[in-house]
Amino acid sequence: MLVFVLRRILQTIPVIFGVTILVFLMIHLIPGDPAQIIAGEAASDAQVQQMRDRLGLNDHLLVQYGRFLGDIMQFDLGNSIRSGNPVSAEIGSRFWVTFELAFFSTLLSIFIGIIAGVISATKRHTFLDTSIMVIALFGLSMPNFWLGLMLIQYFALPPLQWFPVSGWGSIEHMVLPVITLGTAGAAIIARMTRSSMLEVINQDYIRTARAKGVKEQIVTYKHALRNALIPVVTVVGLQFGTLLGGTVLTETVFSINGLGRLVIDSINARDFPIVQGTVLVIALLFVLVNFLVDISYRFLNKRIELD
Amino acid sequence: MAETSVKTQQAETKPPSPQLENMKKVYKKLKKNKTAMVGGILILFFIIVSIIGPVLTPFDPDAQDYTNRLASPNADNWFGTDHHGRDIFTRIIHGTSITLYIGFSSVLLGSVAGTVIGIVSGYYGKKIDAILMRSMDVLLAFPGILLALAIVSILGGSLQNVIIAVAVFSIPVFARIVRGSTLAVKKLEYVDAVRALGASDFRIIFRHILPNIMSPIIVQATLRMATAILAASGLSFLGLGAQPPTPEWGAILSQGRNYMWDDPHYALFPGLAIVVVVLAFNLFGDGLRDALDPKTKG
Amino acid sequence: MTTELLQVHNLKQYFPIKGGIFGRKINDVKAVDDITFAINEGETLSIVGESGCGKSTTGRAILRLDEPTSGEVTFDGEDLLSLNKKEMQKKRKDLQIIFQDPYASINPRQTVRQVLNEAMEIQNVLPKEERYDRMIELLETVGLGPDKLDRFPHEFSGGQRQRIGIARALAVDPKMIVCDESVSALDVSVQAQVLNLLQKLQKDLNLTYLFISHDLGVVRHISDRVLVMYLGKIVEIADKKSLFDNPKHPYTKTLLSAIPVPDPNAKKEQIVLKGDVPSPIDPPTGCRFHTRCPFATDRCKEEVPELRQNENLMGEQHQAACHYIEEIESGEMQPKY
Amino acid sequence: MEPSSNIIEVNDLRTSFFTEEAEVKAVDGVSFSVPSGKTLGIVGESGSGKSITSLSIMRLIQEPGQIVGGEINFKSDNLLDKSESEMRRIRGNEISMIFQEPMTSLNPVFTVGDQISEAYRIHQGLSKKQALQKSLEMLELVGIPSPKDRLKRYPHELSGGMRQRVMIAIALACKPELLIADEPTTALDVTIQAQILRLINNLQDELGMSVVLITHDLGVVAETCDYVAVMYAGKIVEYADVQTLFESPKHPYTVGLLSSLPRHDIDQEELQVIKGMVPSPTNMPEGCRFAPRCPFATDLCKEQLPTLDDLEDGNQVRCWVYSDKWDGDPEVNVKDDYGTATSS
């Protein structure tokens, strides 16, 4: 297991490098002169030159990348063009909001998804199964920004006004955004759990359990579910990534001051250091989550040799 | 397993081509699958609407009428009007082709690139495989919409850039699926058999591997249409995709958001349109998967 | 005088195992470990052994379906391993293979016509116009009617598919065919049909077979000579009669005694081996069979036995890789169970 | 041997699978009995219905399959009348089963110890510790080296032969009276097969149980069984004690099967073949199911299904040749004439 963890860490390193290279190149891929663009159309030549110096754009690309990497190591992601504050500080102040949103949404989708999936699989071809699967299909097909808006429309605006329209902090604030963000994930996990259960239930070892005289419920919840959940773990990991991306829209809809909104605002304001920094942080977080998922997958799946 | 023998049916008549035969079989299975049929009919409906819809609608999607601003749904304006007095129903009809166009072209781009990468990676293996798959891992490290956002932020917000952005984040998904299928098919004895006959790599890839991995590619492409449409409308909703006054659904929704308090219809209908079209592709994709999966009995 | 069509010298096939933190090669699966043998023109040589002994790997290595680690494979006077990709592709015309799984060995999307046509097209055996007649002829040869030409694999039974596989191999007029467990997946009644067909074809077309199987009944029926493998090594090679009537290696003896005979009156002494076949990753030192052999001594643990022959005890073509052929035969050494 | 002491009697068992198009009669009126302490071999090729028969006895047929008729009398109770919970008390306790694929028949996420002890915990209500202790004894009994260590292992850490021993340990944990072994050695190499067959045989003597052995291998039958039932296309075509069956097979199918088998212990010039192939279960011939492949078949065979009748020397045969109604060559001797009949 330790060897596997170490090897997996080693495999992650090139990916992290790739991520930093892509993020670094972002600013250079912009058509035209980045200094001109960042400084603005109206900027004078001197201002553009100043911006160029500030960004170090005159150096060789490799030198710039080296500097970029070095800065990252010291948690220095540059300064915001708009506010002049360090990017790391801007991100730091909003990171936990987004993390909470993504975390609770993931919990919600795992919880609802697995329960719905198992019920659906055990009550296969019944009305309940069909209903769950139809709901899941809708959950999967709804744009989360629209779902968010509809939730606001019906639960936050008059007449019900059960929840606040926007903001983050208290439990009441969290309910609607978490539902908004978690629905698609719950739908995907429910579908995955169901098909995984149905596949496992046809395996030879399930027949062995029945031949042993094991009760059908125990066959389902002990022998089948344990195996069926193994592939679901991978989906949960991928879902977390999708959720991280989805926060951009959810935060916009609910006016939550998280990383997602920071990205959007910064794109609109052409504040590239912030965009770069946020994209980098989210990508690295996702890499980390995938790493943890892989390890727990290995831990759960006894069949894989620990080579 | 029971060995099944099929009775001679048509010894004299010229047999249909294998491809046609196969498509017929898939179609037969699809026809039995109700959800797939619903999805398929809906898709067909949207395609027809995108072609002839704009001709049939009584209104001009861009015609502003300030005497009739934010009207609720009524006999003339089925979905009501927007803040410029434009007919929302007309705008949604006109937006259909945009939505389908974005979905189709981005999926086409993404699937072709992903398939090439996946096949090369799976067939040749070793170093090429390692390099290509690590690059795909890097792309996958960016949550889909974030990658698209980053690309749009670089290239600027426009319909064309949204297509490129959505295509790019589809590439690794296709590459991985295709690579996995290629590896599975490559192991089968019939591939060894044609190798043993002296077939070239080119022949093996195009005659024997590609046709046998088309099913997962087609299924994924259909499901990916759904994802692509969602992502593209999301980008437009954020103001980074199609720009007003283009009647793109996400963009309409984005504007409708400002009038939610008093005029909920404005945001409701474009959202519903997205839901239905995405649902159609999901339904059809699910059905295709069942129909193309050799494991399910037909 | 018989001519040797295929000679295999010191063939090794190692598959690397990657592991450790850096995913580098840490060991090898020694699937085939230094084997030498030859096949005469027109004969059937069988390779028998249990799963993991390297019999199929040998077949695949000869055909270069997997590139062998080292050794020499001379076919019809030409060193196959020195050919480049193009030359090898050409050479494959003479050297065909029939696989085990009738359901996996034909492309499910091709009709019989396409399968056979492709074989001829790749090797450019016949001009296009003449191919149709040849296909009909091939189908007839393997016992299928011409009406089957435009059928898909899924329309056939396992036995019929195997016949299509045979027709595909024959389509390029090969000199030699490797039959890799070609009848193992078939039911007994169908298996007999295919075996008889293979024998008839050999007679009619002067084919040479390398017949790979784990079924000693089938092997006795079809072979001229038999080669027994255990854990990547040849333990015994002999003409059929000599091997079945007069096996010399303790492994061959146990293998033969372990097979149930469909005759309740056949009283025979059954030797039941202890334990499993060891891993080919770290095979036992010395004689690879020593961990399970009832006669094993310290010498067997250290010294690798070479294939050898004893004129007094065995036929001319009979060789076994055991240190104690004589002692076991004379009863000087007794088995320790 | 008292004739009445049969551990199990199966009468006219019928199991069908219901597809959208048709009812597939996988087992179509099968009757046999197993004398206590003896081994019955059920032989047949793929699609003969032998595995479905064994699963039917355990009442483990899954959708869309269904037992549609017959009786399975186990110790004078009809298993088909039992409730599901009564059946559960029998499974793994009084009747046990082992399967063909040792690689996939054990649950990959539980240890060997967990999986054996489960049987004790269900049927004997033992504590976890007691059950593990018993499991350890069982592992010793089935001859697994260093059993204490293996108890904590997962299935993937064991070889095929070892896994089949674990399966046997699970099946025999509660000392069942009947063991159903469905192709227990088909996936194993011959030297391992010999080990497993010997193990089953020894344990049968030790525990005094009866065995139903399902196999396609006539050699395995000859070496391990006392009685043999030959199945073809969902029906038993011949039943006899093992000596009689191999010495004087009566049914043309049995004769054909025996003569198409390549043997390693004797020389055979050419293998006799059974022409054609097993009929598709959705498209069964009307009369005798073997008629389309039978070298002796007459119009009678093609039209009417023969019954399974007793012959003087103890065989039961489902073939018109041995009846008064036979309308073919009255001098025919199936065993001796098979070769000449097929070649003509």
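The values are calculated or read from the model by the stated rules, or taken from the named source; none is laboratory data. Note that this is a predicted model, so its numbers are computed, not measured. Reconstructed Cβ throughout: ideal geometry from the backbone, glycine too, with neighbour counts over all protein chains shown. What goes into the accessible areas is simple: the full protein's heavy atoms, side chains included, and nothing from ligands, DNA or RNA. Shrake-Rupley method; radii C 1.70, N 1.55, O 1.52, S 1.80 Å.
Over chain A, with the other protein chains present, what is the accessible area per residue in square angstrom, probe 1.4 angstrom?
45 Å²
Any idea which of C:LEU243, B:VAL276, D:ILE95 is furthest toward the positive side of the dipole for the protein assembly as shown, if Lys and Arg beta-carbons carry +1 and Asp and Glu beta-carbons -1?
Of the candidates, B:VAL276 comes out farthest on the positive side.
Nearest 10 degrees, 0 to 90: what angle lies between the long axis of helix D:112-123 and the longest principal axis of chain D (Cα atoms)?
Value to nearest ten degrees: 80.
Label the stretch C:247-337 by shape, choosing from rounded, prolate and oblate, from the square roots a ≥ b ≥ c of the eigenvalues of the Cα gyration tensor; if a/c is under 1.5 it is rounded, and otherwise prolate applies when a/b is larger than b/c, oblate when it is not.
It comes out oblate by the Cα gyration axes.
Helix-only mean residue ellipticity at 222 nm, chain C, DSSP H runs n ≥ 4 weighted -39,500 (n - 2.57), per residue, nearest 500. What is it?
One gets -9000 deg cm²/dmol as the mean residue ellipticity at 222 nm.
How much accessible area does A:ARG194 have with a 1.4 Å probe, in Å² rounded to the nearest 10?
The value for A:ARG194 is about 50 Å².
What does the convex hull of the Cα atoms come to per residue for the protein assembly as shown, in Å³? Walk me through the intermediate numbers first.
Numbers: hull volume 288.4 nm³, N = 1286.
Spelled out: Cα convex hull of the protein assembly as shown, divided by residues, is 224 Å³.
Filter the trypsin sites (Lys or Arg not before Pro) in the stretch D:195-300 down to the DSSP loop ones having no more than 13 other Cβ atoms within 10 Å, then list what survives.
Hits after loop and neighbour filter: D:LYS275.
Hey, got the dipole for the stretch C:247-337? About the Cα centre, +1 on K and R Cβ, -1 on D and E Cβ, debye to the nearest 20?
Here the size comes out at about 380 debye.
Chains A and B: buried accessible surface, both sides, probe 1.4 Å, rounded to 100 Å²?
3700 Å²
Rounding to the nearest 10 and keeping the result within 0 to 90°, find how far the Cα-based axis of helix C:158-170 lies from the longest principal axis of chain C.
The angle comes out near 80 degrees.
Counting Lys and Arg as +1 and Asp and Glu as -1, each charge on the Cβ, what is the dipole of the protein assembly as shown about the Cα centre in debye, to the nearest 20? Show your work: numbers first, answer last.
On the way: 124 positive and 141 negative charges, 705 e Å.
Dipole magnitude for the protein assembly as shown comes out near 3380 debye.
Students often check this: by mean Cβ neighbours within 10 Å, which of B:114-122, C:141-149, C:19-27 ranks highest, and how do the rest follow?
Packing proxy ranking, top to bottom: B:114-122, C:141-149, C:19-27.
Looking at the stretch B:274-289, which residues lose a minimum of 30 Å² of accessible area between their chain alone and all protein chains in place, measuring with a 1.4 Å probe and not counting ligands or nucleic acids?
B:VAL275, B:LEU279, B:ASN282, B:ASP286
Given H placed on each backbone N at 1.01 Å, which residues far from D:ILE236 in sequence or on other chains put an amide H within less than 5 Å of it?
Close amide H contacts, sequence-distant or interchain: D:SER31.
Let me see the pair-distance distribution of the stretch D:249-343: every alpha carbon pair, 5 Å bin width, integer percents in order.
2, 13, 22, 24, 19, 12, 6, 2, 0
For C:LYS12, which aspartates and glutamates qualify as cross-link partners when the Cα separation must be under 17 Å and same-chain residues fewer than eight apart are set aside?
Once the sequence-local aspartates and glutamates are set aside, what remains near C:LYS12 is C:ASP28, C:ASP33, C:ASP34, C:ASP66, C:GLU67, C:GLU72, C:ASP79, C:ASP282, C:GLU306.
Quick one: accessible surface of B:ARG195, probe radius 1.4 Å, all protein chains present, in square angstrom to the nearest 10.
Probe radius 1.4 Å; accessible area of B:ARG195 about 70 Å².
Expressed as cubic angstrom per residue, what is the convex hull volume of the alpha carbon set of chain A? Can you show the working numbers first?
Values: hull volume 51.9 nm³, N = 307.
Enclosed volume per residue, from the Cα hull, is 169 Å³.
Would you mind giving the average projected area, over all directions, of the Cα convex hull of chain D in nm² with one decimal?
If you wrap the Cα atoms of chain D in a convex hull and average its projections, you get 19.0 nm².
Listed highest first by mean packing, meaning other Cβ atoms within 10 Å per residue, what order do A:1-14, C:314-327 come in?
Numbers: A:1-14: 13.4, C:314-327: 18.9.
Order by mean packing, descending: C:314-327, A:1-14.
DSSP beta bridges in chain D, what fraction antiparallel, as a percent rounded to 5? Before the final figure, lay out the partial values.
Details: 30 of 49 bridges.
So the antiparallel bridges in chain D amount to around 60 percent.
Shielding of D:102-111 by partners, i.e. mean partner chain Cβ atoms within 10 Å per residue?
What the average comes to for D:102-111 is 6.
Once you have the Kirkwood Rh of the stretch C:4-246 from its Cα pairs, apply Stokes-Einstein at 4 °C and 1.567 mPa s and quote D in µm²/s.
Stokes-Einstein gives a translational diffusion coefficient of 69 µm²/s.
Over chain B, what is the relative contact order in percent, taking alpha-carbon pairs closer than 8 angstrom and at least six residues apart?
That works out to 24 percent.
Which whole-number percent is the relative contact order of chain A (Cα, under 8 Å, 6+ apart)?
Relative CO of chain A lands at 25 percent.
How big is the dipole moment of chain A about its Cα centre under a simple scheme where the beta carbon of each Lys and Arg is +1, that of each Asp and Glu is -1, and everything else is neutral? Debye, nearest 20, please.
Computed about the Cα centre, the dipole is about 1600 debye.
Expressed as a whole number of Å, what is the distance separating the alpha-carbon centroids of the stretch B:207-235 and the stretch A:1-29?
Using only Cα atoms, the two centres lie 27 Å from each other.
Please sort through the DSSP H helices of chain B and keep those with an alpha-carbon extent of at least 15 Å along the long axis and a Kyte-Doolittle average not below -0.5.
Counting only whole DSSP H runs, the qualifying helices are B:34-56, B:88-124, B:126-140, B:144-155, B:159-186, B:210-237, B:265-292.
Three principal axis extents, largest first, for the C-alpha atoms of the stretch D:25-96, in Å?
33, 32, 20
Students often get this wrong, so check it: of B:LYS126/C:LYS85; A:LYS212/D:LYS134; C:LYS336/D:LYS152; C:LYS91/C:LYS148; C:LYS200/D:LYS50; D:LYS25/D:LYS302, which have C-alpha atoms separated by over 22 Å?
Violating the 22 Å limit, Cα to Cα: C:LYS336/D:LYS152; C:LYS91/C:LYS148; C:LYS200/D:LYS50.
Given R₀ = 22 Å, what would the calculated FRET efficiency be for D:ASP267 paired with C:LEU205, taking r from the Cβ atoms and rounding to 0.05?
0.35
Got the relative contact order for chain D handy, in percent, Cα pairs under 8 Å and 6 or more residues apart?
19 percent
Kindly state, to the nearest 0.05, the FRET efficiency for A:ILE171 paired with A:ILE135, given R0 = 22 Å and r defined as their beta-carbon distance.
0.35
With a 1.4 Å probe on protein heavy atoms only, work out how much accessible surface D and C bury together, total over both chains, in Å² to the nearest 100.
That pair of chains buries around 3600 Å² in total.
Quick one: order B:ILE177, A:ILE115, A:ILE72 from most to least accessible surface, probe 1.4 Å.
Sorted by accessible area, descending: A:ILE115, B:ILE177, A:ILE72.
Mind pulling the angle between the C-alpha long axis of helix C:128-141 and the longest principal axis of chain C? Nearest 10 degrees, somewhere in 0 to 90.
Helix C:128-141 and the main axis of chain C meet at about 50 degrees.
Any residues in the stretch C:79-113 that have 30 Å² or more less accessible area with all protein chains than in their chain alone, probe 1.4 Å, and which are they?
C:LYS85, C:GLN89, C:ARG92, C:GLN96, C:PHE99, C:ALA104, C:ASN107, C:ARG109
Accessible area per residue of the stretch D:249-343 at 1.4 Å probe, in Å²?
Result: 50 Å² of accessible area for each residue.
Accessible area of the protein assembly as shown with a 1.4 Å probe: how many percent of it is carbon plus sulfur?
56 percent
I'd like to check one number: the per residue accessible area of the stretch C:247-337, probe 1.4 Å, reported in Å² as a whole number.
On a per-residue basis, the stretch C:247-337 sits at 51 Å².
Along the positive direction of the dipole of the stretch A:110-217 (beta-carbon charges: Lys, Arg +1; Asp, Glu -1; about the Cα centre), which of A:LEU149, A:MET197, A:PRO177 reaches farthest?
A:MET197
Quick test of the membrane-span-like rule: which DSSP H helices of chain A reach at least 24 Å along their long axis (C-alpha atoms) with mean Kyte hydropathy at least 1.6?
A:2-29, A:272-300
Can you give the helix-only mean residue ellipticity at 222 nm for chain A, where every DSSP H stretch with n ≥ 4 adds -39500 (n - 2.57) and the sum goes over all residues, rounded to the nearest 500 deg cm²/dmol?
-25000 deg cm²/dmol
So what is the 222 nm mean residue ellipticity for chain D from helices alone, if each DSSP H run of at least 4 adds -39500 (n - 2.57) and you divide by all residues, rounding to the nearest 500 deg cm²/dmol?
Values: 12 runs with 112 residues, N = 344.
Taking each H run of at least 4 residues, the total per residue is -9500 deg cm²/dmol.
Estimate the FRET efficiency between B:ASP262 and B:THR67 by the formula 1/(1 + (r/R0)^6), using the beta-carbon distance for r and 22 Å for R0, to the nearest 0.05. Intermediate values should be presented prior to the final figure.
Numbers: r = 18 Å, r/R0 = 0.80.
The formula returns an efficiency of 0.80 here.
Hey, what's the per residue convex hull volume over the C-alpha atoms of the stretch C:64-177, in cubic angstrom?
113 Å³
In whole angstrom, how far apart do the alpha carbon centroids of the stretch B:176-200 and the stretch D:73-141 sit?
43 Å
Which residues of the stretch D:175-216 show a drop of at least 40 Å² in accessible area when all protein chains are present, compared with their chain alone (probe radius 1.4 Å, heavy atoms only, ligands and nucleic acids excluded)?
D:ASP189, D:VAL190, D:THR191, D:ALA194, D:GLN195, D:ARG198
For D:MET209, B:MET37, A:MET174, write out the residues from largest to smallest accessible area, computed with a 1.4 angstrom probe and no ligands counted.
Largest to smallest exposure gives the sequence B:MET37, A:MET174, D:MET209.
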